[in-house]
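The structure appears right after this line, and notes come after that.
We did not get these values from a lab; they are worked out from the coordinates using the rules stated. All figures in this text were calculated on a predicted structure; none of them were measured in a lab. Glycine also receives a Cβ, built like all others from the backbone with ideal geometry; neighbour counts cover every protein chain displayed.
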Amino acid sequence: MSGLELAPRLGTLTVFRSLLRDPVLEALCAYLETRRTGDACRAASAYAGFAARLYEAGGDLGRHIQHLAEEDENVYMRLVGRGETPPPFMEQCVEEELALLQAVAELAPEDLLRGLDWVGFLPGFGHEPTELAADYRRRTENIGRYGYGIYARHSMFYLDAGGRIVPVRHPDRTKLSDLVDYEREKGILLENTRALLAGRPAANVLLTGDAGTGKSSTVKAVVNELYPEGLRILEIRKEQLREIPAILDELTQNPLHFILFIDDLSFQKNDDNYSALKAILEGSVSAKSQNVAVYATSNRRHLVKENFSERDGDDIHRNDTMQEIFSLSDRFGVHITFQRPDKATYLHIVRRLADACGVSCADLDLLAERFALGRGGRSARAARQFVDGLLAGQAE
């Protein structure tokens, strides 16, 4: 099939119709339509516009079409994701459209420029071979691992000011092997998360401990470890907690599994967000979901900032106040505490990090201890900062 024959056929896309809004395909269609006018100058300009769009997308047409097809959140993928069987006519439509997209993916520059009466340079582009139909079938059969839409390529997400789920373009790549010690703590979190992925009952998890002990890094490292198995993470700020029921309505229909991550969580007494999180953890009808768990980190054991004045009053009043303060953290099914490392553990972390980074230093232990004391105490974060400082000094 020639390039000129593809333009009208692309206009009939149905299941994959949203692909026509892609800037590269849009520019390609514009070029193919311009070729029909016979105006070589306009056609050359339109071709260059298409190539420019393709270069911005990586420069390879085959790979770009493959990514578009894989990530398209269409009605067919949503049906499969919900565990439903698409009707035969939709299966046929998907098959025909994948064949059409395969023809587009296989286009080479000479296919598009053949017959164009133009003297001068026009840019080329890559067209890596693809097997769209086979790849698409593999992904739909394993949709619980691959997902679709924005979740097909990205592992970490956040909620923007408008309440939309947005991918993190440059996510934290920390691996579990990068985190020294805290093996018990990592093991508990990993086991709970594997239960979530397996469809077994998984607890909401509260990670507490001193700043810099690796609570947030451990959560993100677990996500990086289990991303190939279908795990994603969505970070939510405290002031966005009221958005969670609506988010869960969306994520519950998704075949992937999600961690809702709330970092550095604490509340003032009578904070409205406190009641919102409490309702979510209690498992209200709107918040129940088998593929989502809440993981939160806090430097405070009981999450609510307590004043001594709140302990005043008669025994009944005091007990009610203390129970209210403790009740939120008790609603997390698993509580993991990250203790500040002692001297031996801290120096062990420093040595492991230094060895991994190829750093050598005659007075490593002495300098590391001095660094920690200057930073207010020993922690995994202080160990990392110390080794990073040594690396920077060696690079100068």
Worksheet item: Once you charge only the Cβ atoms, +1 for Lys and Arg and -1 for Asp and Glu, what is the size of the charge dipole of the chain about its Cα centre, to the nearest 20 debye?
Response: 700
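Report, in deg cm²/dmol and to the nearest 500, the calculated mean residue ellipticity at 222 nm for the chain, where each DSSP H run with n ≥ 4 adds -39500 (n - 2.57) and the sum is divided by the residue count. Kindly include the intermediate steps, with their values, before the conclusion.
Values: 17 runs with 197 residues, N = 396.
Computed mean residue ellipticity for the chain: -15500 deg cm²/dmol.
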Item to complete: With everything on Cα atoms, drop me the angle between helix 61-71 and the longest principal axis of the chain, reported from 0 to 90° to the nearest 10.
Response: 50
Worksheet entry | Under the Karplus curve 6.51 cos²θ - 1.76 cosθ + 1.60, θ = phi - 60°, whole-Hz ³J(HN,Hα) for segment 215-220, x wherever Gly or Pro sits | 4, 5, 4, 5, 4, 5
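Between His348 and Asn299, take the C-beta separation as r, use R0 = 35 Å, and let me know the FRET efficiency to the nearest 0.05.
Details: r = 23 Å, r/R0 = 0.67.
FRET efficiency, His348 to Asn299: 0.90.
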Worksheet, complete the sentence: The set of residues whose placed amide H lies less than 5 Å from the amide H of Glu235, leaving out same-chain residues fewer than 5 positions away, is Phe157, Tyr158, Leu159, Phe261
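Quick check: residue separation of Ala108 and Asp365 times 0.36 nm, minus the Cα distance between them. What number comes out in nm?
On the way: separation 257, 0.36 × 257 = 92.52 nm, distance 6.02 nm.
Contour length minus Cα-Cα distance gives 86.5 nm.
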Item to complete: Note the angle between two axes, namely the Cα long axis of helix 132-141 and the longest principal axis of the Cα atoms of the chain, as a number of degrees from 0 to 90, rounded to the nearest 10.
Response: 30
Discussion item. On a 21 Å Cα-Cα criterion, which of the cross-link pairs Lys220/Lys343; Lys186/Lys215; Lys215/Lys343; Lys220/Lys278 come out too long?
Written reply: Lys220/Lys343; Lys220/Lys278
Fill in: Added length on full extension, which subtracts the Cα-Cα distance from 0.36 nm per residue, Thr337 to Ala134
68.4 nm
Worksheet item: Just one of (i) 50, 21, 17; (ii) 35, 29, 19; (iii) 50, 29, 18 is semi-axes √(5λ) of the Cα gyration tensor in Å as worked out from the coordinates here. Which one is it?
Response: (iii)
Worksheet item: For helix 315-330, what angle does its Cα long axis make with the longest principal axis of the chain, in degrees from 0 to 90 and rounded to 10?
Response: 40
